[in-house]
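These notes are about the structure you will find just below.
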Amino acid sequence: MGAVYLARDRNAFDRPCVIKEMLDYYDHNDLQAKTRAEARFTEEGRTLAALSHPGIPKIYAFFEEDGRHFIVMEYILGENLEKNVTHADEAGRTVAKEPISEEEILGYAIQACHILEYLADQPRPVVHQDVKPANLIRERVVGDVRLVDFGTARTRYRPTGALPGYAASSVYGTMGYAAPEQCRGEPVPRSDVYSLAATVYHLLTDDDPRDHPGQFPKLGALRPDLRSALEQALRPDPADRSTAKQLREHLEAITTPQRVVGAFTFPGGEAIRSVSAIPAMCDKHWQAACEYLYNGDFERWLRDLNRLDLVEVARTTCQRFRNRNLGLEAFLRRLDAGLPYPRLEVSPLRLDLGRVGRDGDITQTLSLRNTSRGYLKAKMRTATPWLHVQPQTVGLRANSAAATVSVAIRAHELPLFGHHQGTVEIRAGRAARVSIPVTVQVSLPRELWRLAVRAWRGALPGAAFGFRSSTRRLVRLARRLGTWGWRHPRALVYSHLALGLGGCLFWWLATQARDAASYVLIGLLGPLAVAAVAGVIVVVIILSIGTAAGALKGVWRTFWK
């Protein structure tokens, strides 16, 4: 988009200067494209002219000549920070990095934060959009860092799978250093903070973020307080990301010599010297951190650091929360409002019990796990009367064993017909809200069998004593009926005659049917006739058995005794 020349200003005693010329990178036949390019180049000159900061190059002139546009800027004598990372030269050859100390890198980062603070505080905030090692020049004489190349860097990026959700489009900046919202064409001042944090990561680890945009695999190898400061500046959501001022304060707390009491040691000998590193270390040593908070260790350390505001936060948190895990989570969120919320994972996400009988409770289980960080308190509830959940409250720490929740279906409360669906709702504060659908259907055959068995037991004397006892009583009743039939032989004869007449009548009706009305009549009376015949058969069998038993009993008494 532009060509840059080193020149001498003959009107200022041959002072070295830089002349940037806008090239014809647009389609000459597209008048709108030409107008936009000229407006963008003019806007860069206007932006630089309105800025006055030691870390930003001064603009000397802006002019047009023979249809070409030019900006004359201050020449900064020095080398950019790209030489301090492994990089490729103009011929494409890999050049080894020149080592630089961590203290120097953090010093340059703090100076760059001052520049970004200045840009963000403008009446119309300025977003550089291309902060990277190649655009940070270390002045050769003074040694300060200067931010160059305002508004001209633009690359066309077609996604290769590194960052999901990015469409092929024209964006400003360099992939790997550019923030996610910047890649969507929505840059904000905190986008430059992301780019600066990616630059610091590159300088500290020599791991080029352009090789894996959006991922920083070697971040865990850095010291805890420095890792925490960069993690907060590299968050995908700009609302949760550090500002330039916050990043500078974090880095200054790391680089500024602390008093002996300024270090706080966690289990394993890991020590921190800045407040910004507390959340990361507490997530790593959660149980110990709960003790430190409620035993007053954090409070004493913060008082030594003269952070009286946080001393009060620690005290009120301990008074408010009896649950130490909830108290520590609330304390960390007061330290860092952009801290990611714990993430709830529930398995399975649906319960389908199919067809069941209404003869007892049916129990299924849900598995709950915290897959992110920190601590969350999950509460279960259901508005469905036939669903019951135990326990109704579960506490989940990150990387701990999954908690099991029992979901009981009280089948006897289910309506007989239709599919029934209920919902178990799981809430975990602002972290998550999950709804688990539960579906079930009553099996009609099983329910009819259950009702038949229940009627059988309930109709017999002494049903409360169980099925075996009821059967004995049934035999006793049949024997009494048999004895009655032996004493009243006419009843036996009449029952046999009724059985024969009923069968003959039904057979005659079936053979005489000639039209649809007759078949309908048989269809209606047939089940009643079958039921009546079945009843008569049962009575005849019982009376016959009883009569035979009575006869045998009489023979026994007459001849044997």
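One table, with the values for the structure above:
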| item | result |
| --- | --- |
| Using distinct alpha-carbon pairs, which all enter the 1/r mean, Kirkwood radius of the stretch 368-422 in Å | 13.1 |
| Protection proxy ranking, peptides 176-185, 113-122, average beta carbon neighbours within 10 Å, highest first | 176-185, 113-122 |
| Cα centroid of the stretch 78-123 to Cα centroid of the stretch 380-419, whole Å | 56 |
| Stokes-Einstein D in µm²/s, Kirkwood radius over Cα pairs - the stretch 1-75 at 10 °C with 1.306 mPa s viscosity | 120 |
| Segments 381-389, 32-40 sorted - mean Cβ within 10 Å per residue, highest first | 381-389, 32-40 |
| In nm, spacing of pseudo-spin labels at Asn295 and Thr363 (7 Å Cα→C-beta vector) | 3.9 |
| Peptides 142-149, 194-201 ordered by average Cβ neighbours within 10 Å, highest first | 194-201, 142-149 |
| Cβ-based exposure ranking for Glu270, Glu65, Glu231, in which fewest neighbours within 10 Å come first | Glu65, Glu270, Glu231 |
| Approximate spin-label separation Arg36-Glu103, in nm, with each point projected 7 Å along Cα-to-Cβ | 5.0 |
| Loop trypsin sites (Lys or Arg not before Pro), the stretch 93-141 (other Cβ atoms within 10 Å of the site Cβ: 10 or fewer; DSSP) | Arg93, Arg140 |
| Sorted by Cβ density within 10 Å, fewest first, the residues Leu226, Leu247 | Leu226, Leu247 |
| Reachable lysines from Lys218, criterion Cα separation under 19 angstrom, eight or more residues apart if same chain | Lys97, Lys132, Lys284 |
| Rounded D (µm²/s) - the stretch 276-370, Kirkwood Rh over Cα pairs, Stokes-Einstein at 10 °C, 1.306 mPa s | 99 |
| Scaled radius of gyration (Cα, divided by 2.2 N^0.38 Å) that the stretch 175-314 gives | 1.13 |
| Radius 14 Å from Cβ of Gln232, net charge of other residues (Lys, Arg +1; Asp, Glu -1) | +1 |
| Fewest-first sequence of Arg322, Arg369, Arg300 by Cβ atoms within 10 Å of each Cβ | Arg322, Arg300, Arg369 |
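Taken together, the values in this text are just the output of simple stated rules run on the coordinates, not laboratory data. Model, not experiment: these values are computed from the prediction. Don't worry about glycine lacking a Cβ; one is built from the backbone with ideal geometry, like all the others, and counts go over all protein chains shown.
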